[in-house]
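Comments concern the structure below.
The values are calculated or read from the model by the stated rules, or taken from the named source; none is laboratory data. These numbers were taken from a predicted model, which means no experiment stands behind them. Cβ placement follows ideal geometry from the backbone for every residue including glycine, while neighbour counts extend to all protein chains displayed. Note: accessible area is taken over every heavy atom of the protein model, side chains too, but ligands, DNA and RNA are not part of it. Shrake-Rupley method; radii C 1.70, N 1.55, O 1.52, S 1.80 Å.
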Amino acid sequence: MAKKLGAYTGKVIKINLTDKTIADYPFSEKQRELFLGGKIMASKIFYDNLFEKIDAYDENNMVVISTSPLNGMPAPSSSRFNISAVSPLTGLLTSSNCGGDFGINLKKAGYDAVIITGKAEEKTLLQITDEGVEFKNADSLWGLHTSEVQTKIGGRCGKLVIGPAGEKLVRYACIINEERAAGRGGLGAVFGSKNLKAVTASGKKGPEAYDKEKLQEFNKKWVKALKDHPLTGKQLPQLGTAGLLTAMQMKHMLATKNFAKGQYEDYEKLSGDYLAENFHRKDAKGKSCKSCPIQCARAVELNGKLIKGPEVEIIGLLGAGILNNDLEKIIRWNYEMDELGMDTISASGVISFAMELNEKGLWDSGLKFGETDNVLDAIIEMGERSTERGNELAEGVKRMSEKFGGKDFAPHSKGLELSAYEPRSAVGQGLGYAVANRGGCHLNAGYLVFAEGLGLSANPRTPKGKASLTTLFQNIMEAVSAGGNCLFTVYCFVPGFMIKKPNSFITRTVNKLAPYLGGVLYFAGKKPELLALNLSAMLPHAIACKHATGSKLNMGKFIRIGERGYNMERIVNIRLGLKAEDDTLPKRLTHELQDASDKKSFVPLEFMKKRYYLMRGWGKDGVPPKKLIKKLKLDTTV
């Protein structure tokens, strides 16, 4: 008899808030091997249960909180857990990854995943422990900001909480754990629609690794590799994600004035260096994620209080995006949005879009580019839905454009606001935005911007090879996320010397050839099992998961898991109404030149999209065919 898989608790439960019932949900060891954990485990649950369109606020909408095999294991940057649901912003399946302590505590409570459905009759706090599940009244927590809720709950447990934005059904409300956010897609509003204010998890002991000694030995080598790499060992620890902003400026990838252009003249006042020199408290500890050797989080001071600093996305979008060079204000706005429980990327996109609507005379929002004195007022209004303007802003860019106009410059895909990377100078990133399952997300897009200028320098304006590279990057990142690691650990996929020596012969050759490797990557995508390799320097995640679980994983099988997950999400979204024409971008990015002197400075989306569908093995309608479903073993129930 085969030895039981390690790193899993072996238990998934389904909690119905309406009738307060709890039931075991079957999820076999074979399914754990095929779907690993995290967002792919969650996708499988939706794939097996959701067959028709459902409104995000329907009480039958499920919230799946899923852990990963590396949560709580000796592996770097492995505290990431996942929350999935049908999104009130996009109407599609959304998944949001978070780096707090909740995932580790949920496994200590004895669960790999928790499915929450129904709607509570009263305001509810859900307490999950290794002794069971309790439903507590949350009237005293309702209306409180996210930090206040966590403080009032107290105790040594993982806490998932929403703020006023979730209670008021702001369509991009998020869920907070410690100072980390499950940010994208409006999951906080789904909590609010269920009268669910918070979920806590605690227990005494989590599961053991299949081969703890090998995993610990491998972990030491992996941590060393991360610390030796110029990105994960130097740039991110020293400057955080804000360190990317200068490169974005230099490469014309910094979304400026609501994506009207790709550079901002005052970018230096927003840079990682400026943040480090003027605001970063280097003596402050505890702001980064658990088990993380990278330590990219910034600790800053606001009104005498140490808080988590802003990431590059909000710095870009509420800096260059609205023509604001005041980083201190961005720090304050970032904090207020976290306290209200709002996705900072979507909220920032909403503000810049409102400013352009005002500029073009389409809606008098009172918000203007370069004028920031009333931005905080707007943030509070939208987070609390306390005014007519706040109500409009709380609906998101897509719905605002449908009501007021401006669809051609509304910065979203599938209803999800774009992050701060301007894709007309990174067209592969533009393709990723358009086809990403959850909408305009830089990570679900495959983050090809890294290869197009923020790490390597593969020709950023050629469409050649971008479909194959996007597919590969997406599959790898899906698998890494399902395993439980932070996606920054993928930076080591590119050898450090190529980052340190961008002008070396090898680096220049790779950059030059990358767009022309489509055929090779197409073949590898069709037959990843041929990559029966354990290349620890490139993709150590597969080996770590192998030692943790005991599964016979290698690089090829690991990438196949990512492909399996990506296709499942696509199929669920098709059931929810997604069509090929929804894989799109605003015309500003596809039909207007970023640089009038460069005829290639736009996103040639249709050209790349056809090739992307081909790479994926989908039909011209963007639908995965039955033979692909069978090949990926998506119909397995054992």
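Residues that are of a type in the set (D, E, K, R) and modelled with pLDDT of 85 or more within the range 281-328 comprise Arg281, Arg298, Glu301, Lys305, Lys308, Glu311, Glu313, Asp326, Glu328, listed in sequence order. Looking at Tyr47, is it within 24 Å of Lys290 (Cβ to Cβ) and outside the structural domain of His541 (by TED's automatic domain parsing)? In short, no. Applying a threshold of 7 Å to beta carbon distances and a minimum spacing of six or more residues, or different chains, the list of pairs starting in the range 65-78 at a residue that is within 16 Å of Phe488 (Cβ to Cβ) and modelled with pLDDT of 95 or more and ending at one that is crowded, with 24+ Cβ neighbours inside 10 Å and hydroxyl-bearing (Ser, Thr, Tyr) reads Leu70/Ser78. The residues in the range 236-273 that are over 20 Å from Ser419 (Cα atoms) and crowded, with 20+ Cβ neighbours inside 10 Å can be counted, and the count is 0. Of everything listed in (1) within 26 Å of the chain's Cα centre (by Cα); (2) outside any loop (DSSP other than H, G, I, E, B); (3) not β-branched (Val, Ile, Thr), the single unmet condition for Phe607 is (1). For the criterion of being part of a helix (DSSP H, G or I), closer than 29 Å to Pro88 by Cα and of a type in the set (A, V, I, L, M), Leu443 fails.
Ala544 fulfils the conditions (1) farther than 21 Å from Tyr210 by Cβ; (2) modelled with pLDDT of 65 or more; (3) among the aliphatic types (A, V, I, L, M) except for a single criterion, (1). Of all the residues that make up the range 244-302, how many are under 30 Å from Arg588 (Cα atoms) and either free of Cβ contacts under 8 Å to residues at least 40 places away in the same chain or not acidic (Asp, Glu) (or both)? Count: 28. Could you give every pair whose Cβ atoms fall below 7 Å, whose first residue belongs to the range 326-348 and is farther than 15 Å from Gly390 by Cα and without any contact (Cβ under 8 Å) to a residue 40 or more places away in the chain, and whose second residue is open to solvent by 10 Å² or more (accessible area, probe 1.4 Å) and of a type in the set (A, V, I, L, M), counting only separations of at least 6 or pairs across chains? Matching pairs, first to second residue: Tyr335/Leu302.
Among the residues making up the range 431-460, a single one is of a type in the set (A, V, I, L, M), open to solvent by 10 Å² or more (accessible area, probe 1.4 Å) and within 20 Å of Asp582 (Cβ to Cβ): Leu443. Determine, yes or no, whether Asn534 is closer than 18 Å to Ile559 by Cβ, assigned by TED's automatic domain parsing to the domain that holds Thr584 and either modelled with pLDDT under 85 or among the acidic types (Asp, Glu) (or both). So Asn534 passes the test. Can you name every residue in the range 340-362 that is surrounded by fewer than 20 Cβ atoms within 10 Å (Cβ to Cβ) and either more than 18 Å from Phe404 (Cβ to Cβ) or in contact with a helix residue (DSSP H, G or I) (Cβ under 7 Å, 6 or more places away or on another chain) (or both)? Passing the criteria: only Leu362.
Inside the range 611-638, residues that are without any contact (Cβ under 8 Å) to a residue 60 or more places away in the chain, outside any loop (DSSP other than H, G, I, E, B) and touching a Lys or Arg at 6+ places or on another chain (Cβ under 9 Å) make up a count of 1. Taking the conditions (1) under 24 Å from Glu452 (Cβ atoms); (2) buried (at least 16 other Cβ atoms within 10 Å of the Cβ); (3) free of Cβ contacts under 8 Å to residues at least 60 places away in the same chain in turn, Ala580 satisfies each one other than (1). In this structure, Leu517 does not qualify as at pLDDT below 95, of a type in the set (A, V, I, L, M) and under 21 Å from Leu34 (Cα atoms). Given the condition of a type in the set (S, T, N, Q), closer than 30 Å to Thr256 by Cβ and touching an Asp or Glu at 6+ places or on another chain (Cβ under 6 Å), answer yes or no: does some residue in the range 588-610 qualify? Yes, the range 588-610 contains at least one residue that is of a type in the set (S, T, N, Q), closer than 30 Å to Thr256 by Cβ and touching an Asp or Glu at 6+ places or on another chain (Cβ under 6 Å). Scan the range 582-602 and give yes if some residue there is farther than 18 Å from Gly432 by Cα and of a type in the set (S, T, N, Q), otherwise no. Yes, the range 582-602 contains a residue that is farther than 18 Å from Gly432 by Cα and of a type in the set (S, T, N, Q).
Each row is one residue, and each column tells you yes or no for (1) among the β-branched types (Val, Ile, Thr); (2) crowded, with 24+ Cβ neighbours inside 10 Å; (3) out of contact with any strand residue (DSSP E or B) (no Cβ under 7 Å at 6 or more places or on another chain); (4) at pLDDT below 95.
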| residue | (1), (2), (3), (4) |
| --- | --- |
| Ala113 | no, yes, no, no |
| Val133 | yes, no, no, no |
| Glu148 | no, no, yes, no |
| Lys152 | no, no, yes, no |
| Gly166 | no, yes, no, no |
| Ile176 | yes, yes, no, no |
| Gly183 | no, yes, no, yes |
| Val190 | yes, yes, no, no |
| Gly203 | no, no, no, no |
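Condition first: over 30 Å from Phe505 (Cβ atoms), of a type in the set (D, E, K, R) and in contact with an Asp or Glu (Cβ under 8 Å, 6 or more places away or on another chain). Can you find one or more residues in the range 395-409 that meet it? Checked against the condition, which is being over 30 Å from Phe505 (Cβ atoms), of a type in the set (D, E, K, R) and in contact with an Asp or Glu (Cβ under 8 Å, 6 or more places away or on another chain), the range 395-409 yields at least one hit. Here Ile561 meets each of (1) outside any loop (DSSP other than H, G, I, E, B); (2) without any contact (Cβ under 8 Å) to a residue 24 or more places away in the chain with one exception, condition (2).
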